[in-house]
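I have placed the structure first, in the form of structure tokens, so that the comments after it can refer back to it.
Here, each number is a calculation from the coordinates, and none is a lab measurement. Keep in mind that what you see is a predicted model, and the values were worked out from it rather than measured. Note: ideal-geometry Cβ built from the backbone for every residue, glycine included; neighbour counts use all protein chains shown.
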């Protein structure tokens with residue numbers, strides 16, 4: 001038994017190192033502060049956008065009811081094609097003047113490679129904002145506060161240690 005564990009232990013360490021080398025992601029606290037608009041709570045989707053301007057991945061959805069996802073028109077087109085499971089990355093919608101903090105996970109390999117974070121927002125019977133906030137996925141972009149153009153007043157990200 002002692003003899004086999006001497007060979008098994010290095011293999012286990014090698015496997016753990018290999019798994020960690022390929023799964024390099026970072027977690028970020030994402031504060032979304034809404035403008036003081038009037039009306040229903042907003043649905044906001046946070047997406048990773050590739051350098052060509054196409055959707056790469058849905059990172060978080062603020063809005064639990066699938067029947068309203070079609071109000072986020074551009075993202076909804078992408079979502080209906082990919083049919084990604086969203087249950088682990090959804091939360092409550094967010095009302096005017098409120099704020100929400102959620103943790104999003106970003107692949108480190110995409111940092112400083114031309115990707116962006118897009119915050120898309122919609123409010124029932126009001127204007128839809130495909131790029132309410134867009135943040136370059138760069139070291140500098142993730143450190144700065146980003147101002148919204150629609151229902152989102154600002155977004156601030158901070159890396160979770």
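Can you tell me what share of the DSSP beta bridges in segment 24-159 is antiparallel? A percent to the nearest 5 is fine.
Approximately 95 percent, going by the DSSP bridge assignments.
Mind checking the angle between helix 2-22 and the chain's longest principal axis? C-alpha axes, 0 to 90 degrees, to the nearest 10.
Roughly 30 degrees between the two axes.
Against the longest alpha carbon principal axis of the chain, how many degrees, from 0 to 90 and to the nearest 10, is the axis of helix 73-82 turned?
30 degrees
Pairs of Cα atoms under 8 Å, at least six residues apart: use those to get the relative contact order of the chain, whole percent.
Relative contact order comes out at 31 percent.
Nearest 500 deg cm²/dmol is fine: what mean residue ellipticity at 222 nm does the chain get from its DSSP H runs of n ≥ 4 alone, each adding -39,500 (n - 2.57), divided by its residue count?
Counting only the DSSP helices, I get -7000 deg cm²/dmol.
Binning at 5 angstrom from zero up to the longest distance, how are the C-alpha pair distances of segment 44-116 distributed in percent?
The percentages, shortest bin first, are 3, 14, 26, 24, 19, 11, 3, 0.
Taking Cα pairs under 8 Å and at least six residues apart, what relative contact order does segment 93-161 come out at, in percent?
Once normalised by length, the contact order is 23 percent.
Efficiency by 1/(1 + (r/R0)^6): what FRET value for residue 158 and residue 67, r their Cβ-Cβ distance, R0 = 25 Å, to the nearest 0.05?
0.15
Order these peptides, 96-102, 131-137, by their mean beta-carbon neighbour count within 10 angstrom, highest first.
131-137, 96-102
Pulled fully out, how much extra length does the chain show between residue 145 and residue 124, if you take 0.36 nm times their separation in residues and subtract their Cα-Cα distance?
4.9 nm
Over the C-alpha atoms of segment 54-161, what are the Rg and the largest Cα-to-Cα span, Dmax, in Å?
So, for segment 54-161, Rg and Dmax equal 13.7, 40 Å respectively.
Given R₀ = 30 Å, FRET efficiency for residue 74-residue 24 by Cβ-Cβ distance, to 0.05?
0.55
Given the C-alpha centroids of segment 89-104 and segment 21-50, what is the distance between them in whole angstrom?
Value for the Cα centre distance between the two parts: 8 Å.
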